Amino acid sequence: RYLWRNSICQQKIDITLKYTDEASGSKANKEPTLYEKFLKNPKSVPLITSRKLENCNKYRQPRQAWLETLSTVEDHKLGMLDLHPDIFAVHPRLDILYHNLRWQEFYKKIDYNWTPSRGDLDVSGGKQMPQKGTGRARNRNRSSIMFRTGAKPLGPKGPRALFYMLPKQYRVQGLCTALSFKYAQNNLHIVDSLEIPTDDPEYIQDLIDTRFWGFSALFVDDTDYMPENITYALAEFPSYNILPVYGLNVRDMLKHETLILTLAAVEKIEQKLLFHSSRNKRSSKFSMDTRYDQY
Amino acid sequence: MGIEKALRLVKDLPRVALNNIKNSPMDQKKPHNLRRGWGKNKTHGRGHKGQGQRMTLPKLGFETGHKPFYLRVPQEYYYEGHHLKRQYPPLSLLRLQRMIDMGCLDPNEVIDISSICMTGHYHLHVDRRHYGINLTEEGAEKFSTPICIEVQWASEMTIATIERLGGVIMTRFYDPLSLIALQDPETYFKTGKPIPKCKLPPTDAVEYYSDPKFRGYLADPEKIAEERVALSQKYGYDLPDLSESDKLSLLLKRKDPRQIFFGLHPGWIVNLTEKKILKPKAEYLQEYYHS
């Protein structure tokens, strides 16, 4: 890990040098971050006070969440957002979470247990003892299930896949219930972006400690191209992880104590989950040959 | 409302994690009992010999060869859905005339379903799929008062008898929740519920209530006037001119399609003890009740 970090540091130096060479000419045009603007003049930055929600049920109130930053260790709020109630305030059903967790565990499983049956045992086919006269029960070859050293009848046979697909609505609602639980128990935080000023791991540790985000945190961004500072900083910690939106799953959300979403990620999640929760069409009939393409 | 309550509970409970999630008890499948435990050796709970032990029992409902009970009674499709069909218990014109003569009903006011139910001589049971009054023709020759009446079903003859005497008949639909309020307004107001908004008739009743021949409340008033003339010609009586009658203001009284009681709007709560009416202020409620 030391060697790897050194090599990455070297690469980083090269990159930064290259960047400074390029940027030295256009330093004046470099845009200050939202928080830098806020520090200079709080009134210049427009506070987010609402968000447009798609197909919101008019009899349900949207949930509200603070928009925070990772630019400073202290907790500063940039605004307040509306969250869709059909995703962040869904009925808190534990059995849907259970089904999702079980599915995530079992669909990858292959049971390799194999016991030989009568035909698989390496045993001679001849009669063990004469039919009559010995005083013992009558028998044939040694593979019989009645014998102590015989075969096991109907035992596990060979590699068996425990793959199954949980119905779509369970999976969609599983994500929605996990997000609702995180929101309801104050473990959900929304952040403008995952850009941090340094790649020092201590910075991120201080940040998480001051905000009491817990022992484990999951950062979710909308694409899989992450800012470099945060990737280097979080590489030190096995319990703080980053994910793109397409990797969001119930097990990871429940495993990590806090969930941190970027604003772009929230938009993407809402759009996708709303689309699929109200959709009952399938593009083609399911078949085992083409199953992986569909999911 | 259950979702909001549940989410409020969840806030104070421990953090949901991988170690405290269980399946719902009804979903947990019991494994098949192999009956290998203590006391279950030898016959494994199946007894000795016969079909019980040898898994050759007959199918459920089988009665050793003769026609079983579940096949003896034939299916009669003409009764299908009879328990769900709308019923309009009859009220004859004879009874109506008698109620007016006895003083139970006032011909100087609009005769509504609630005024007929409150006389005590006619009963509606909403839970038995009673949807209103069916005014029948018996006593048509003895009927002799001009009235303004609102019923749920009327035949041509009844309409003719009432209009011949200078009265007005209207057919109007009420949904079951509104009927609960109408058949006994006093007990309904005591429950403290707001006056319901009357719903439109179902698809198989829309045709009846938008037909001017039956004086439906959804029909065109001009066409109703034409039909009045046509009916008078069919039955051979002179159609009296209503504009000359004393009770013109009464005969012109109509309810809004969403309104149930005269003078009261949907959404209002009537307090009989304090003699007050409470009206909704919130915009979303006003929008709902005015729609």
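All of the numbers you see were taken from the coordinates with simple rules; none came from a lab. Everything numeric here is computed off the predicted structure, so don't read it as measured data. For neighbour counting, all protein chains shown are included, and Cβ atoms are generated from backbone atoms with ideal geometry for every residue, glycine included.
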Q: Specify the inter-centroid distance of the range A:91-111 and the range B:118-172, based on alpha-carbon positions, in whole Å.
A: 63
Q) So for B:Asp106, A:Asp86, A:Asp200, A:Asp222, fewest C-beta neighbours within 10 Å to most, what's the order? A) B:Asp106, A:Asp200, A:Asp222, A:Asp86
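Residues of A:178-188, mean number of Cβ from any other protein chain within 10 Å of their own Cβ, rounded to a whole number? Write out the running numbers ahead of the final one.
Details: counts 1, 0, 4, 6, 2, 3, 9, 8, 2, 2, 0.
Neighbouring Cβ atoms belonging to other protein chains average 3 per residue here.
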**Q.** Pair-distance profile P(r), taking every C-alpha pair of the range A:93-220, with 10 angstrom steps and integer %
**A.** 10, 20, 16, 15, 12, 11, 9, 5, 2, 0
Q: Measure off 7 Å from each Cα along the Cα-to-Cβ vector at B:Ala205 and A:Thr223, then give the distance between these two points in nanometres to one decimal.
A: 6.0
Q. Among B:Gly61, B:Gly52, B:Gly81, which one moves the most in a GNM of chain B with springs linking Cα atoms closer than 10 Å?
A. B:Gly52
Q: Give me A:Thr223, A:Thr72 ranked fewest to most by other Cβ atoms within 10 Å of their Cβ, as a rough exposure proxy.
A: A:Thr223, A:Thr72
Q) Counting DSSP beta bridges with both partners in chain B, what percentage is antiparallel, nearest 5? A) 20
Q: With only Lys, Arg, Asp and Glu charged, each at its Cβ (+1 for the first two, -1 for the last two), find how big the charge dipole of the range A:193-295 is about the Cα centre; round to the nearest 20 debye.
A: 1120
Q: Could you tally the net charge around A:Asn141, taking each other residue with its Cβ under 9 Å from the Cβ of A:Asn141, Lys/Arg +1 and Asp/Glu -1?
A: +4
Q.
Nearest 5 percent is fine: what portion of the DSSP beta bridges confined to the protein assembly as shown is antiparallel?
A. 30
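Quickly estimate the mean residue ellipticity at 222 nm for chain B, helices only: each DSSP H run with n ≥ 4 gives -39500 (n - 2.57), and the total goes over all residues, rounded to 500.
-8500 deg cm²/dmol, from helical runs alone.
Please report, in cubic angstrom per residue, the volume enclosed by the convex hull of the alpha-carbon atoms of the range B:179-230. Before the final figure, lay out the partial values.
Details: hull volume 5.4 nm³, N = 52.
Cα-based convex hull of the range B:179-230, divided per residue, equals 103 Å³.
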**Q.** Relative contact order (%) - criterion: Cα under 8 Å, at least six apart; region: the range A:96-240
**A.** 24
Q | Where a label projected 7 Å from the Cα of B:Ala282 along Cα→Cβ would reach, residues of the range A:56-90 with amide N under 11 Å | A | A:59-61
Q) Which order do B:Asp220, B:Asp204 fall in if you start with the one that has the fewest other Cβ atoms within 10 Å? A) B:Asp204, B:Asp220
Q. Among A:Lys58/A:Lys272; A:Lys58/B:Lys22; A:Lys109/B:Lys29, which pairs are too far apart, with a Cα-Cα distance over 25 Å?
A. A:Lys58/B:Lys22
**Q.** Net charge over other residues, Cβ less than 14 angstrom from the Cβ of B:Ser291 (K, R count +1; D, E count -1)
**A.** +1
Q: Determine the sum of side-chain charges near A:Lys268: Lys and Arg each +1, Asp and Glu each -1, restricted to other residues whose C-beta is under 10 angstrom from that of A:Lys268.
A: -3
